[in-house]
Amino acid sequence: MASEPEQRPVRYDPGMPALRRARFVLTFAAIGLAAGVAAAPAEGARPQVLGDARTVALALEVQDALIVDRVDRAALLEHVRRALETAGVEVVPLETTAEVIRSVREAARDWVDPATGKFSRPRYAAGMGEVLRHLRERAGAERLVVVVLWVTEAHVSGGVARWHGVEEPAVTPAARSAWSRLRAGKLEALSLAVNVRGEAGSLLYSEPGGVRLLSRFGRNDKITPVLDAELLDDPDRLERAVRLALAPLLGALPALAAPAAP
Amino acid sequence: MTSLHRAAALAALSLTTACATLGGATQAPPDPAGAGDRSLAAQLARAAAPAPGPRYVFVGVALSDDSPAFLGDITILDRMLEHQYGARYRSILLSNHEQVEAVRELPLATPEQLEAVFARLREIRGPEDRFIVVFTSHGRRGKLQLRQRDARLQTTVDAGAIERWMASLAPNRTWVVISSCYSGSLLDAVGGPNVVAMSASEADRMSLGCGTLNRTTFFVGALARSLDAAKRFAEVWADTTARIERWERELKYPGSKPQIRYGAEVRGLERAPLSEF
C-alpha cells in the first residue's frame, strides 16, 4: 500500500452543497433507556459548547438516499447516548424527543418553504430551536444533539479509500489483485455527524466520523454499491464513527460499556 | 518453429500469465448451493425449525446479476422483516448477484433450486404459517430474466413456473412482491384467494431502479422506506406509491403505476396493521 500522511478528520460543514441539496427525513428510534448520570468527568474537562448543560435531547436524521432499519437506527442512537452518558451528560428519553420533533415538524410542513416548495435551512434551524424550547419545558433539555447520517465522498489512492478519519480497502474481496494498489479516484461513503444546537436552533458544534464505504471497485472496473442492509450492521464501525464525531466535544472516551439487555 | 518464433511465443505466454496474475483474472464457477450459514441447506433447515406461533417465512429471489439492486432488494427486506417478526421469522434467500465477496455464501436462484425450495416449503409448512415471497429482476411481459454469468445461466422464468410455485404455498396466507418491468403482467399467475400481490408496474409499463449503481429497485426501495409494523397495508401501499410517483416526477418518467391485488379471503387485510399479516 502506498504510504500517505494520515488524513485528519475534515470539519463537517453543514453548509456544504451536498447537504444543501439533500432532503432529510427526520426519524427517531424509540428505545427504552435508563436515565441517570454515569461517572461525571472532571469539571475542567467539560467542553465549552455544552456550557453548564447537564441534560441534552438526542435525535437522528437520515438522508433520504439511505434506507436504515429502525433497529439499526436505535442501535446507532444507543451508541451516542452511551457516549454522552459516559461523559456525564444526561439524555432526555428518546421517545419524548421524537414526539416533540414530530409535532414541530408537522407544524412546519417538513421545513419546506411554501414559496419555493423546497427544503429551507432557516426554517429547519428555527424548527430545531422550537424543538429545544419545548424539550426544555418538558424535560429540562439544554442542548439538542442531532446525529446526521449522510452520503459523502471518499478519496481513493493506493487502493485505499480515506474520508472523515477512517480508511477502508477500495476494492471488493472478489476483485482484489495486484492492480488494486493502483486504484485512485473517488467513491461514495457513509458518514455520520454530530451537531449540537442551542438557543433558536443555532449550531454550536458539528463534527463528522466516517462509517463505511457505500461503493467499491469490483471486477472489470465496475463500481459496486454496498447494500442498504449492510450500512449499519457492524457495531465496531459505528462505535468508531461515534468516537470520531464526539472526540472534540467530549475528549477521548473510555471503552463504552456493552448495551444493556432489553 | 524458428528461434525468433519461439521467443515471441514465450514472450506472449509470459505476458498473458503476468496479466492473469495481476488481474486476478478468472472467477471460479460459483457453488450453486452457497456456503456456510447462508447455504441453501442451512436456510431450509432453519425454516423447518419450530417457532413460538405461526412462522413468517420470507423467500427472497434475486434472479439476475445485471444490477446489485436485485440483491439489495431481498437483503434490505430480509433485515427489516426479521426485526418486525422476531423469533417467528424465517428466511430463504437465493441470489444470482455478481460475486463481490471472497466466498459466495448465498445459493444461486436456479430453476432447479427454486423448485426444491417451494417443494420443501410445501412439506414443512404449518396451517397458520405465512409466506412473504419477493421476485426481483429485469422483466418482459409474462417473464422474468434469470441470469448469472459465472454460472453460465441465461434463461427466463415464465408465468407458469411462478404460478406453480405460488400454488404450492396455497392455501396459506401469502404476500407476493414482484419488482420488475411489466410485472403487472404476472399478477394473474400469482393471485389466489389468500394472496396479497404487489407488482412494481402495470402490465405494459417499465419500472425504474435496476441500474448498475442502484442499491435497490425503486419499488422495493420505496416499500422498504414505508414498512412499519404499526402501519396498515393500505397506508404502506399509499406511502410506497406516493414516494415512487415523486421520484418518477423528478425524472420526468410518465409512471410505472404499481399494482396491488387482494385475494377474496384476505379482503379487509388492507385495514390491518402489517404486524397482523
Inset, instruction - Being hydrophobic (A, V, I, L, M, F, W, C) and within 19 Å of B:Arg79 (Cα to Cα) is the filter here, so list the residues in the stretch B:90-123 that pass it. - result: B:Ile92, B:Leu93, B:Leu94, B:Leu106
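Say whether the condition of being touching a Leu at 6+ places or on another chain (Cβ under 9 Å) and open to solvent by less than 20 Å² (accessible area, probe 1.4 Å) is met by at least one residue in the stretch B:202-210.
Among the residues of the stretch B:202-210, not one is touching a Leu at 6+ places or on another chain (Cβ under 9 Å) and open to solvent by less than 20 Å² (accessible area, probe 1.4 Å), which makes the answer no.
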Inset, instruction - Please go through the stretch B:255-277 and pick out each residue that is touching a residue at least 24 places away in the same chain (Cβ under 8 Å) and open to solvent by 20 Å² or more (accessible area, probe 1.4 Å). - result: B:Lys257, B:Pro258, B:Gln259, B:Ile260, B:Arg261, B:Tyr262, B:Ala264, B:Glu265, B:Glu270, B:Arg271, B:Pro273, B:Ser275
Inset, instruction - Identify, by number, the condition in (1) at pLDDT 95 or above; (2) more than 14 Å from the chain's Cα centre (by Cα); (3) at positive phi that A:His164 doesn't meet. - result: (2)
Inset, instruction - Please list, ordered by first then second residue, the pairs with beta carbon atoms under 7 Å, 6 or more apart or interchain, first in the stretch A:160-176 and within 14 Å of chain B (Cβ to nearest Cβ), second open to solvent by 10 Å² or more (accessible area, probe 1.4 Å) and acidic (Asp, Glu). - result: A:Pro173/B:Glu101; A:Ala174/B:Glu101
Inset, instruction - All but one of (1) assigned to a loop (DSSP other than H, G, I, E, B); (2) modelled with pLDDT under 95 hold for B:Arg246, so report the exception by its number. - result: (1)
Inset, instruction - Check off (1) open to solvent by less than 30 Å² (accessible area, probe 1.4 Å); (2) within 14 Å of another protein chain (Cβ to nearest Cβ); (3) touching a helix residue (DSSP H, G or I) at 6+ places or on another chain (Cβ under 8 Å) for B:Lys231 and give me the number that stays unchecked. - result: (1)
Legend entry - Selection within the stretch B:125-154 - touching a helix residue (DSSP H, G or I) at 6+ places or on another chain (Cβ under 9 Å) and more than 20 Å from B:Leu93 (Cβ to Cβ): B:Arg140, B:Arg141, B:Gly142, B:Lys143
Legend entry - Residue count, the stretch A:49-67 (criterion: open to solvent by less than 10 Å² (accessible area, probe 1.4 Å) and touching a helix residue (DSSP H, G or I) at 6+ places or on another chain (Cβ under 8 Å)): 9
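Residues are listed down the side, and each one gets a yes or a no for (1) in a strand (DSSP E or B); (2) out of contact with any Phe, Trp or Tyr (no Cβ under 6 Å at 6 or more places or on another chain); (3) crowded, with 23+ Cβ neighbours inside 10 Å:
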site	(1), (2), (3)
B:Phe135	yes, yes, yes
B:Arg147	yes, yes, no
B:Asp150	no, yes, no
B:Thr156	yes, yes, no
B:Gly160	no, yes, no
B:Trp165	no, no, yes
B:Ser168	no, no, no
Legend entry - Sole exception among (1) assigned to a strand (DSSP E or B); (2) open to solvent by 30 Å² or more (accessible area, probe 1.4 Å) for B:Val59, by number: (2)
Inset, instruction - Check the stretch B:183-201 and report whether any residue there is in a loop (DSSP other than H, G, I, E, B), hydroxyl-bearing (Ser, Thr, Tyr), buried (at least 18 other Cβ atoms within 10 Å of the Cβ) and on the phi < 0 side of the Ramachandran plot. - result: yes
Inset, instruction - List every residue pair whose Cβ atoms sit under 7 Å apart, with the two residues 6 or more apart in sequence or on different chains, where the first one lies in the stretch B:235-250 and is without any contact (Cβ under 8 Å) to a residue 60 or more places away in the chain and within 19 Å of B:Pro273 (Cα to Cα) and the second, anywhere, is of a type in the set (A, V, I, L, M) and surrounded by 14 or more Cβ atoms within 10 Å (Cβ to Cβ). - result: B:Val236/B:Leu227; B:Val236/B:Leu274; B:Trp237/B:Ile260; B:Thr240/B:Ala222; B:Thr240/B:Leu223
Inset, instruction - Would you please name the residue that is nearest to the chain's Cα centre (by Cα), looking only at residues in the stretch A:195-214 that are assigned to a loop (DSSP other than H, G, I, E, B) and crowded, with 17+ Cβ neighbours inside 10 Å? - result: A:Leu214
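Per-residue answers, yes or no, for (1) in contact with a Pro (Cβ under 6 Å, 6 or more places away or on another chain); (2) under 24 Å from B:Arg125 (Cα atoms); (3) of a type in the set (Gly, Ala, Ser):
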{"position": "B:Arg164", "(1), (2), (3)": "no, yes, no"}
{"position": "B:Ala189", "(1), (2), (3)": "no, yes, yes"}
{"position": "B:Ala200", "(1), (2), (3)": "yes, no, yes"}
{"position": "B:Arg225", "(1), (2), (3)": "no, no, no"}
{"position": "B:Pro273", "(1), (2), (3)": "no, yes, no"}
Legend entry - Extreme residue, nearest to B:Val57 (Cα to Cα), among residues of the stretch B:99-125 that are open to solvent by less than 50 Å² (accessible area, probe 1.4 Å) and modelled with pLDDT under 95: B:Arg104
Inset, instruction - Keeping to the stretch A:38-64, report how many residues are at pLDDT 90 or above and either within 14 Å of chain B (Cβ to nearest Cβ) or touching a Phe, Trp or Tyr at 6+ places or on another chain (Cβ under 8 Å) (or both). - result: 5
Inset, instruction - Could you tell me whether B:Arg173 is open to solvent by 10 Å² or more (accessible area, probe 1.4 Å) and touching a Lys or Arg at 6+ places or on another chain (Cβ under 6 Å)? - result: yes
Inset, instruction - Please note which strands (runs of 3 or more DSSP E) are completely contained in the stretch A:132-194 and include at least 3 residues that are open to solvent by 30 Å² or more (accessible area, probe 1.4 Å). - result: A:143-157
Inset, instruction - State which residue is farthest from the other protein chains (Cβ to nearest Cβ) when the search covers only the stretch A:215-240 and only residues that are open to solvent by less than 50 Å² (accessible area, probe 1.4 Å), more than 20 Å from B:Gly221 (Cα to Cα) and in a helix (DSSP H, G or I). - result: A:Glu239
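Quick one: in the stretch B:80-129, which of the residues that are of a type in the set (Lys, Arg) and part of a loop (DSSP other than H, G, I, E, B) is farthest from the other protein chains (Cβ to nearest Cβ)?
Among those residues, the one meeting the criterion is B:Arg125.
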Legend entry - Search result, residues across the stretch B:62-79 that are in a loop (DSSP other than H, G, I, E, B) and either farther than 20 Å from B:Ser180 by Cβ or within 12 Å of chain A (Cβ to nearest Cβ) (or both): B:Asp65, B:Asp66, B:Ser67
Legend entry - Sole residue being more than 23 Å from B:Asp73 (Cα to Cα) and at the interface with chain B (Cβ under 10 Å from one of its Cβ atoms), chosen from A:Leu244, A:Leu182: A:Leu182
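The values are calculated or read from the model by the stated rules, or taken from the named source; none is laboratory data. If you're wondering where the values come from, they're calculated on a predicted model, not measured in any experiment. Neighbour counts are summed over all protein chains in view; Cβ atoms, including those assigned to glycine, are modelled from backbone coordinates with ideal geometry. Surface accessibility is based on the protein's heavy atoms, side chains included, excluding ligands, DNA and RNA. Shrake-Rupley method; radii C 1.70, N 1.55, O 1.52, S 1.80 Å.
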